[in-house]
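Every number in this text was worked out from the coordinates using simple rules, so none of it is lab data. On a predicted model such as this, the values are computed, not experimentally measured, just so you know. Methodologically, a virtual Cβ is constructed for each residue, glycine included, from the backbone with ideal geometry; neighbour enumeration extends over all protein chains shown.
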Amino acid sequence: MILGGGGGPIPGSFETTGRGPRLLSGGGRRAAAISTVSTVAVLAALVAVFLLAPGSAQVRHTFFSPANMWQAFIGNPKKGYYSVGEALWLNIRMFIAAEILILILALVIALVRLSTSPVMFPFRVLSMIYVDFFRGVPLLLVILAIGFGVPALRLPVVSAQAVAVYGVAALVLSYSAYVSEVYRAGLNSVHQSQVAAARSLGLSQAATLRYVVLPQAVRNVVPPLLNDFISLQKDTALVGVLGAIEANEAAQIYSSTVFNYSSYTVAAILFLLLTIPLARFTDRVIDRDRRRRLAGAQP
Amino acid sequence: MTAPEAGPGARPPAEGEAIRIEGLRKSFGAHEVLRGIDLSVATHEVICLIGASGSGKSTLLRCLNLLEPIDAGRISLWGQEITGAEVDPNLVRKYIGIVFQSFNLFPHMTVLRNITLAPVKARGVSRAQAEQEARALLDRFGLLDRQSDYPDRLSGGQQQRVAIVRALAMRPQIMLLDEVTSALVLDVIRELAAGGMTMLIATHEMGFARDIANRVCFLAEGAIIEDAPPSVLFTDPKDERTRRFLRRIVDAGRL
């Protein structure tokens, strides 16, 4: 210790554990082996807890009975229950209709909120109240209010729609409030210098928004947007409270007819099959976009 | 090379006084950035604006392009005031191209799309024709092989040249350039000057300014302190502040 420091080890004596460098040496193979063993151990422990629990046999029969799952999946109207698989089709249709309408309505709201013209002032206030209101009220209440309230008004046409239509309307009203905030964040994330560049080239305000600001804004918020849509896919199940035979409602009818909850497991699996591809698709979109920009590939 | 022609519509006279700035004032909040600028630029003239960072060079250029609303004074192009309330800024901008300090290329578009967007959407040129013109310009500035690249993939100098080409594609009569640095870009600007383009260039490259400018304006604290041909301003500056500024530049080895 020539310099008389704290008396600590001099460089060269760091490697005192004798284990060798962490993570790196031994290559990926050692890391892979460790992660495999760890995964198997954790899974085995979870399965053991499930199987050895005192009520395991009962739970397995109530929630995971293969025969019941199959019956719930294909349905049997003569016995008083519907196919959960078929009912999912209603969820999918509600989801697609709602998603398209949300993307449009939410964008309009976001643009109104970000407008600066004094003429737009009342609309800015309205859109702010709208977002505050629908983000604050639970979706279930919105569905109930619209699903039971609008038909009770006995208006021509408006009050004579299918239950799913009211469900979609409620989903659109509620989710547009959230998604408009996502859009707003995206629009704000585009730097003002991009607007200056576009306007300096003689592009109108509308053209600047359409070709320069919006594409970048949407690109920046694709992950949160798709995240909201994954959650929208699941929330279509709430429309079941209005009596629409969607997957969750069909599962409930099965369980209260046959007294077995395996139908819910079927519904859960179906929802997973619906949402996981969307999640992977999201990853792909983000990846592709990033790679394309970094690699400077052909358009 | 010849100066790019004006777009369709009224074509301003290609001679006489191109730009006239009178008593221009601009504040950001309580900070007055421009404190009464008077400047006259003749057609085909090249003016370099020099001065320390924060002296108001960039703001002056942005005001000329109507990107910043002004607080007082007036700006005229070929005798027509453009700072009036009834003037359509989009029309004015068709005559004035600007290249920003940070280039501001559109990151989500290829080089070619960056250049053709405005001609197609604002000048009403067909896409095919706009692409043909853009390729010709890219070829002239040695960038044709980068036409399908995204801006992220280009070097700073290449990005600046693309930004110049993007502005030129609108066939402006006047070019405003904010902070040009890379050597290749300087060559491009020399070529534009030789072609008779009227230019206002903010720069820190004194050698370049001396080389290319018809007149050099020294700005400090939002005012033009000295306005003289480079042969005079760089060798026999009248104002003490100009002398101090140039001395610092010389000491830094940049002249």
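Let me have the relative contact order for segment B:107-171, percent, based on Cα pairs under 8 Å that are six or more residues apart. If you can, show how the numbers build up before the last one.
On the way: 60 pairs, mean separation 31.7, N = 65.
Answer for segment B:107-171 is 49 percent.
Label separation (A:ALA53 vs A:ASN76): 2.8 nm, computed from points 7 Å beyond Cα along the C-beta direction.
Give the shape of chain A as rounded, prolate or oblate, defined through the alpha-carbon gyration tensor: a ≥ b ≥ c are the square roots of its eigenvalues, a/c under 1.5 means rounded, and otherwise the shape is prolate if a/b is larger than b/c and oblate if not. Oblate. Selection among A:MET69, A:ALA45, A:LEU140 by position relative to the dipole of segment A:28-140 gives A:ALA45 as farthest towards the positive end (Cβ unit charges, Cα centre). The relative contact order of chain A, computed from alpha carbon pairs under 8 Å that lie at least 6 residues apart in sequence, is 24 percent.
In segment B:107-171, inverting the average of 1/r over every pair of distinct C-alpha atoms gives 11.4 Å as the Kirkwood radius. Screening chain A for whole DSSP H helices of 27 Å or more along their axis (Cα) with average Kyte-Doolittle hydropathy at least 0.5 returns A:27-52, A:84-114, A:163-189. Two decimals is fine: what is log10 I(q)/I(0) at q = 0.12, 0.21, 0.23, 0.25 Å⁻¹ for segment A:173-262, from a Debye sum with one equal scatterer on every Cα and no solvent? With no solvent term, the Cα-only Debye profile gives -0.56, -0.96, -1.05, -1.13.
Length gained on full extension, A:ARG291 to A:ILE104, computed as 0.36 nm times the residue gap minus the Cα-Cα distance: 64.5 nm. For B:ALA220, nonlocal amide neighbours, meaning residues 5 or more places apart or on other chains whose placed amide H falls under 5 Å from its own, are B:ILE225. Here the relative contact order of segment A:169-299, from alpha carbon pairs under 8 Å that lie six or more residues apart, stands at 21 percent. Here, P(r) means the percent of Cα pairs in each 5 Å bin from 0 to the largest distance; for chain B it is 1, 6, 13, 17, 19, 17, 13, 8, 4, 1, 0, 0.
Annotation: the antiparallel percentage among DSSP beta bridges lying fully within the protein assembly as shown is about 55. Looking at the square roots a ≥ b ≥ c of the eigenvalues of the Cα gyration tensor of segment A:143-192, which shape do they give, rounded for a/c under 1.5, prolate if a/b is larger than b/c, or oblate? Prolate, since a/c reaches 1.5 and a/b exceeds b/c. On full extension, the segment bounded by B:THR235 and B:ASP211 gains 7.3 nm, given 0.36 nm per residue less the C-alpha separation. The label-point distance for A:THR275 and A:ALA185, in a model that sets each label 7 Å from Cα toward Cβ, rounds to 1.8 nm.
Once the chain from A:LEU114 to A:ASP283 is taken as fully extended at 0.36 nm per residue, the excess over their C-alpha distance is 57.9 nm. For segment B:4-144, the mean projected area of the C-alpha convex hull, equal to one quarter of the hull surface, is 10.2 nm². Between segment A:145-192 and segment A:234-277, how many Å separate their Cα centres? Going from one Cα centre to the other spans 23 Å. Note on B:SER155 and A:LEU126: the model spin-label points, each 7 Å out from Cα along the C-beta direction, lie 5.5 nm apart. From the Kirkwood radius over Cα pairs of segment B:191-237, Stokes-Einstein at 10 °C and 1.306 mPa s returns a whole-number translational diffusion coefficient of 140 µm²/s. Take the Cα coordinates of the protein assembly as shown, assign each an equal point scatterer, and use the Debye formula without solvent to give log10 I(q)/I(0) at q = 0.12 Å⁻¹. Scattering profile of the protein assembly as shown, log10 relative to I(0): -1.12. When only alpha carbons are used to place a centre, segment B:171-201 and segment B:25-47 end up 19 Å from one another. The ranking of B:VAL162, A:VAL190, A:VAL150 by Cβ neighbour count inside 10 Å, starting from the fewest, reads A:VAL150, A:VAL190, B:VAL162. Given R0 = 51 Å, the distance between the Cβ atoms of A:VAL222 and A:ALA32 translates into a calculated FRET efficiency of 0.95. Between the Cα long axis of helix B:111-121 and the first principal axis of chain B there is an angle of about 90°, rounded to the nearest 10.
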